[in-house]
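First the structure, in the form of structure tokens, and then the observations on it.
Where a number appears in this text, it was derived from the coordinates with a stated rule and is not lab data. Keep in mind it's a predicted model, so treat the numbers as computed, not measured. Ideal geometry is used to build each Cβ from the backbone, glycine not excepted, and the neighbour counts take in all protein chains shown.
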Amino acid sequence: MQWIHQYHLFLFDLDGLLVNTEEIQYAAYQKMCADRGFHLPWDFDRYCQIAHHDAKGIRENIYADLPLLKAQEPEWSVLYAEKKRALMYLLQTRKIELMPGVEKLLKALQKANIKRCVVTNSLHEAVALIRKQNSVLDTIPVWLTREYYSNPKPHPEGYLTAIEKLACSTDRVVGFEDTPRGLKALLETRAQPILISKTYYPEIPALLEKGARHYSSLECVD
């Protein structure tokens, strides 16, 4: 794993990149709808296409596809709070697995003493439950959860905060995301953006033209 020595700071997303929690996020939205008597009419692939592009995509599409739910509760903040409660329940009751290649990479970075940080839209409470199940995540010394910045991805604030906090001006920085939404945030920084995804997104060619790299798994990065 000699390639890791090309960089001085590694930036990571969390959900879907380091841990397999995207299906749990999807299940939380399903439960939110079901608890109010509605069926979320999406399969997992449809959920990913909606959630991974725009910060408002979930809200707009749920309300568009379930107008009776919108009539029942027009305040999205109320529904989102219910989704968060569902997520916390699922994180406590389901096994959370690392994504392929994560353990090997994190141990190599720890051994090489290379700076590393997670920048995630998830809240500290949820992150704590994820880390509790996967102790290798504790080898990452800095975590910027949603409480640490104002604007969610695709806004670059979280990553810019991490770079300002951890990188010297001459440091080479690399960032990893599993969605176009997150990658757009990285593209607004000086980090080398890398997309890790088996899902095909129509934007991938355009993102590659802007300097991003794409691999199907962290195991494939070189």
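Under the convention that each Lys and Arg Cβ holds +1 and each Asp and Glu Cβ holds -1, the size of the dipole of segment 22-93 around its Cα centre is about 220 debye. Between the entries (i) 0.97; (ii) 1.00; (iii) 1.04, the label attached to Rg/Rh (Cα atoms, Kirkwood Rh) calculated for this structure is (i). The ranking of Trp143, Trp3 by Cβ neighbour count inside 10 Å, starting from the fewest, reads Trp3, Trp143.
How would Tyr80, Tyr201 line up from fewest to most surrounding beta-carbon atoms within 10 angstrom? All intermediate terms of the calculation are to be shown ahead of the outcome.
Numbers: Tyr80 14, Tyr201 19.
Arranged by neighbour count, lowest to highest, Tyr80, Tyr201 become Tyr80, Tyr201.
If R0 is 45 Å, the Cβ-Cβ spacing of Asp65 and Thr139 corresponds to a FRET efficiency of close to 0.65.
Between 0 and 90 degrees, the angle of helix 22-34 with respect to the longest Cα principal axis of the chain falls at about 10 degrees. Here the gap between Lys210 and Lys198, fully extended at 0.36 nm per residue and compared with their Cα-Cα distance, gives a gain of 2.3 nm.
Neighbour counts of other C-beta atoms within 10 Å: give me Phe10, Phe176, Phe38 arranged from fewest to most.
Working: Phe10 21, Phe176 24, Phe38 16.
Sorted ascending by nearby Cβ count, the order is Phe38, Phe10, Phe176.
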